[in-house]
1. Within segment 72-89, track down each residue that is surrounded by 11 or more Cβ atoms within 10 Å (Cβ to Cβ) and either of a type in the set (S, T, N, Q) or assigned to a strand (DSSP E or B) (or both).
2. Any idea how many residues of segment 5-22 are outside any strand (DSSP E or B) and in contact (Cβ under 8 Å) with a residue 24 or more places away in the chain?
3. Would you check if Ser56 is open to solvent by less than 40 Å² (accessible area, probe 1.4 Å), polar (S, T, N, Q) and modelled with pLDDT under 90?
4. Scan (1) farther than 17 Å from Arg140 by Cβ; (2) modelled with pLDDT of 95 or more for the single condition Leu87 breaks and write down its number.
5. Filter segment 93-151 down to the residues that are charged (D, E, K, R) and over 21 Å from Val17 (Cα atoms) and list them by number.
6. Restricted to segment 110-154, and to residues that are loosely packed, with under 15 Cβ neighbours inside 10 Å and polar (S, T, N, Q), which residue is modelled with the highest pLDDT?
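The values are calculated or read from the model by the stated rules, or taken from the named source; none is laboratory data. Quick caveat, the model's predicted, so the values are computed rather than measured. Methodologically, a virtual Cβ is constructed for each residue, glycine included, from the backbone with ideal geometry; neighbour enumeration extends over all protein chains shown. When the accessible area is computed, the model is the full protein with side chains, heavy atoms only, and any ligands, DNA or RNA have been set aside. Shrake-Rupley method; radii C 1.70, N 1.55, O 1.52, S 1.80 Å.
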Amino acid sequence: MGVLYDYFRAKDDAAAVRLMKDFEGGPSAVSRGGIAMDAVDLKGIEPTVTLGKLVSLVRQVDWDVSLVDLELLWSGDEQDGPWLMSLDRAARDTLASISNAQVLELSAQWGRIEELAWTGPPSDDEMLPVIQKVAALAQRARNAGDDLYCWCCL
């Protein structure tokens, strides 16, 4: 069993925490009231290492554990989750800055990291849809003045 990760945007930390009671199964699911969130389901792509390495590639810097600053905002259950974390605005803006011209090269580079190449290197374009989804979400968040959040659960 893997860990599930959904990324979404919200006005601020308080708004993101309020949403947690409405979204059983994560922000990519439909809420009890039938309201959908602007979210992407990125399955096993966690924010510190895997997404952090995408941020490092975009910034053209070496990856470091502190590259994406996370803050734990909420926990459904301390040991079993789910958990809600905020991503810093610098990471949001880096992801939002990804251009169409960069996507294929980033897909090839990112797909070769240890965390994504479990069974050998994927094709150069395999990570394209993931990068496009997360970049578009970050762009919508930046344009709206929203922050990015990561919901995860076991």
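1. Of the residues in segment 72-89, the ones surrounded by 11 or more Cβ atoms within 10 Å (Cβ to Cβ) are 73-76, 81-89.
Answer for segment 72-89, where residues must be surrounded by 11 or more Cβ atoms within 10 Å (Cβ to Cβ) and either of a type in the set (S, T, N, Q) or assigned to a strand (DSSP E or B) (or both): Leu73, Trp74, Ser75, Trp83, Leu84, Met85, Ser86, Leu87.
2. Within segment 5-22, the subset outside any strand (DSSP E or B) is 11-22.
Applying the additional criterion that residues be in contact (Cβ under 8 Å) with a residue 24 or more places away in the chain yields 11-13, 16-17, 20.
Summing the residues that are outside any strand (DSSP E or B) and in contact (Cβ under 8 Å) with a residue 24 or more places away in the chain in segment 5-22 gives 6.
3. Values: open to solvent by less than 40 Å² (accessible area, probe 1.4 Å): yes; polar (S, T, N, Q): yes; modelled with pLDDT under 90: no.
Judged against the criteria, Ser56 is not a match.
4. Unmet for Leu87, out of (1) farther than 17 Å from Arg140 by Cβ; (2) modelled with pLDDT of 95 or more: (1).
5. Step one: of segment 93-151, the residues charged (D, E, K, R) are 93, 105, 112, 114-115, 124-126, 133, 140, 142, 146-147.
Scanning segment 93-151 gives Asp93, Glu105, Arg112, Glu114, Glu115, Asp124, Asp125, Glu126, Lys133.
6. Asn143
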